[in-house]
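Notes for the one structure printed next.
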Amino acid sequence: MTHIIETERLVLRPLKASDAGLITLYTKDPRVAQMTRSIPHPNPPGAVEAYIEGVLAGTSGEVVWAIDHRGSSEEQLIGLIGLKTEGGEIGYWLGAPFWDTGFATEAVQALVADAQRTGWSRLAGEVFQDNPASARVLTKAGFAYAGATQSYCVARQRTVDVWRYELEFARCPQSA
């Protein structure tokens, strides 16, 4: 079960079926889809709903939070952030209207703090090399550059050069 993580401007909360509309709206933008490995463009009918069902059923291999912005009278979904259960790889995206607001950095920093608090020893992430803004998000959250590789991007339908980042949490020595 995904728990709630709160920051000054954001609430990271479990996904719900009713999030499908806003997720579909934001991922319909090719600029969003092309900066992720797994969001297709165009998004096939029912794909977002199937993704949410997999996350809610626990079969997706990741823990996913909706990123809600507290900036209005109602909280509104502005993106997603997730953590793969095997390997601790972090992934995130925001709808294009919310780029360059500091929201991605705030969400990633909150997830990093929560991961450390809940016992993760190491996190990883990768960003496409043509997305330096996302690389800055990871470095601001404490990730260190770990090398270059390639990953397949579904929306671009090709392999893309990526930068890999890692974050290891210091272990506290055991008390005697």
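The values are calculated or read from the model by the stated rules, or taken from the named source; none is laboratory data. This one's a predicted model, so the numbers in the text were calculated from it and none came from an experiment. FYI the Cβ positions are ideal-geometry reconstructions off the backbone, even for glycines, and counts take in every protein chain you see. The area values use the complete protein model at the heavy-atom level, side chains included, leaving out ligands, DNA and RNA. Shrake-Rupley method; radii C 1.70, N 1.55, O 1.52, S 1.80 Å.
The table below lists the values:
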| quantity | calculated |
| --- | --- |
| Given (1) closer than 26 Å to ASP29 by Cα; (2) among the acidic types (Asp, Glu); (3) without any contact (Cβ under 8 Å) to a residue 60 or more places away in the chain, number of the condition GLU168 does not satisfy | (1) |
| Residue selected from region 70-96 under the condition touching a residue at least 60 places away in the same chain (Cβ under 8 Å) and surrounded by fewer than 21 Cβ atoms within 10 Å (Cβ to Cβ), by the criterion farthest from the chain's Cα centre (by Cα) | GLY71 |
| Members of region 98-130 found to be farther than 15 Å from ALA144 by Cα, small (Gly, Ala, Ser) and open to solvent by 40 Å² or more (accessible area, probe 1.4 Å), listed by number | ALA113, GLY119 |
| Test: residue in region 4-27 that is in contact (Cβ under 8 Å) with a residue 40 or more places away in the chain and within 27 Å of THR149 (Cα to Cα) | yes |
| Index of the failed condition, TYR92 passing every other in (1) in a loop (DSSP other than H, G, I, E, B); (2) within 24 Å of ASN131 (Cα to Cα); (3) touching a strand residue (DSSP E or B) at 6+ places or on another chain (Cβ under 7 Å); (4) among the hydroxyl-bearing types (Ser, Thr, Tyr) | (1) |
| Identity of the residue in region 1-52, outside any loop (DSSP other than H, G, I, E, B) and open to solvent by 70 Å² or more (accessible area, probe 1.4 Å), that ends up farthest from GLU74 (Cα to Cα) | ARG31 |
| Number of the condition not met by ILE67 [criteria: (1) open to solvent by less than 10 Å² (accessible area, probe 1.4 Å); (2) assigned to a helix (DSSP H, G or I); (3) closer than 16 Å to TYR26 by Cα] | (2) |
| Verdict on GLY82 being in contact with a strand residue (DSSP E or B) (Cβ under 6 Å, 6 or more places away or on another chain) and at positive phi | no |
